[in-house]
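Just below is one structure, and these are the notes that go with it.
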Amino acid sequence: MPRKPLIAGNWKMNVNHIESVGLVQKLAWALTDLKFDPKKAECLVIPPFTDLRTVQIVIEGDRLPISWGAQDVSEHQNGAYTGDVSADMLVKLGCTYVVIGHSERRQYHNESDRTVNEKSRLALDKALTPIICVGEGLGVRRAGEHVEFTLDQVRGALEDIAADAAAKIVIAYEPVWAIGTGEVATPDDAQEVCGAIREELRTRYGDDVADAVRILYGGSVKASGIVALMVKDDVDGVLVGGASLDPQEFALITRFYESPNS
Ligand code: PGA
């Protein structure tokens, strides 16, 4: 079965719940204008926790061709974890995806591969699809160790995850030096690491899992560069930060398959 491209917009800590109504509606209008076909790609928005209920109501109420998910989840089921949000709570809000181990969580909240692994296992148990983020910083890239570094993160994230669960995971390769910097990795850079991730999955789990898992690229993605990225064999979509706050731009990225330069 071919992998369905996933175009995910990570709003990060932008857009409050009132503003989220306008952003989702404008995105839906832009998608309609561009004749977006949800059979050809999946459009996902990832708002802050406080927007999720509002986004759910707008999308369900208007039956929009958009999925939604969360930016993080607790590694604990429930209990005395002030400030955390559980997987069950996200499922109750209709989330189907959750971002885990984004470089900003790793950097500012000291999230380790072990935490990423715990969160991913819990998400999978609750039928939430984890979007596991991996990727190297500038120093590692300059030392030429980016592939091995990233694969180590992948191995850490996948510990004790069986093949049937692993097949449902999404992995996002996001070189830290390209996030929010305007510095985009070239399509060949993206393919090099995404391809290596797929081969790691093949070695670990076999062809079925390797061919099923969607691998995204993230880092300063814009509509102008989307086609060159999406033609790469092992790039199955993108995780978009800044450009996902512009509904027209994000819709153009989502409808990459009919771009004039494709
Ligand atoms: P960016 O963010 O597109 O603003 O670089 C990507 C991300 O952090 O997921």
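The values are calculated or read from the model by the stated rules, or taken from the named source; none is laboratory data. Quantities reported herein were computed from a predicted structural model and do not represent experimental measurements. When we count neighbours, we look across all protein chains shown, and the Cβ atoms used for this are built from the backbone with ideal geometry, even at glycine. For accessibility, only protein heavy atoms count, side chains too; no ligands or nucleic acids. Shrake-Rupley method; radii C 1.70, N 1.55, O 1.52, S 1.80 Å.
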Carbon plus sulfur, as percent of the 1.4 Å-probe accessible area of the chain, comes to 51 percent
Long-range HN-HN contacts of SER67 with modeled amide H, under 5 Å:
CYS43, LEU44, VAL45
I'd like the Kirkwood hydrodynamic radius of region 166-232, using the inverse of the mean 1/r over distinct C-alpha pairs, in Å.
12.5 Å
Based on the mean of other Cβ atoms within 10 Å per residue, sort peptides 110-119, 39-48 so the most packed one is first.
39-48, 110-119
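State, as an integer percentage, the relative contact order of region 218-259 based on alpha-carbon contacts under 8 Å between residues 6 or more apart. Provide the component values of the computation, followed by the final result.
On the way: 37 pairs, mean separation 20.8, N = 42.
Rounded, it is 49 percent for region 218-259.
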The answer for GLY137, listing residues at least 5 apart or on another chain whose modeled amide H is closer than 5 Å to its amide H, is VAL176
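Among 147-158, 78-89, 167-178, how do they line up from the highest to the lowest mean number of other beta-carbon atoms within 10 Å?
Values: 147-158: 18.5, 78-89: 12.7, 167-178: 23.7.
So the peptides 147-158, 78-89, 167-178, ranked by packing, come out 167-178, 147-158, 78-89.
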Phi-derived 3J(HN,Hα) across region 99-110 with the Karplus relation (6.51, -1.76, 1.60, θ = phi - 60°), rounded Hz, x for Gly and Pro, is 6, 10, x, 4, 4, 6, 6, 5, 6, 8, 10, 6
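Taking a ≥ b ≥ c as the square roots of the eigenvalues of the Cα gyration tensor of region 16-135, is the shape rounded (a/c under 1.5), prolate (a/b larger than b/c) or oblate?
Working: a/c = 2.03, a/b = 1.75, b/c = 1.16.
Since a/c reaches 1.5 and a/b is larger than b/c, the shape of region 16-135 is classed as prolate.
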Directionally averaged shadow of the chain, computed from the convex hull of its alpha-carbon atoms, nm²
13.0 nm²
Are there DSSP H segments in the chain that both extend 20 Å or more along their axis (alpha-carbon positions) and score a mean Kyte-Doolittle hydropathy of at least -0.5? List them, or say none.
17-33
For the chain, report the accessible area per residue in Å² (1.4 Å probe, heavy atoms, rounded to an integer).
46 Å²
Row for region 6-52, column shape: gyration tensor on C-alpha, a ≥ b ≥ c, rounded if a/c < 1.5 i.e. under 1.5, prolate if a/b over b/c, else oblate; value oblate
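Rank by packing, highest mean first: peptides 243-253, 221-231, 180-190, with packing defined as the count of other Cβ atoms within 10 Å averaged across residues.
Values: 243-253: 21.2, 221-231: 19.3, 180-190: 15.7.
Final packing ranking: 243-253, 221-231, 180-190.
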Restraint check, LYS12/LYS39; LYS35/LYS126; LYS92/LYS232; LYS35/LYS119, Cα-Cα greater than 31 Å
LYS35/LYS126; LYS92/LYS232; LYS35/LYS119
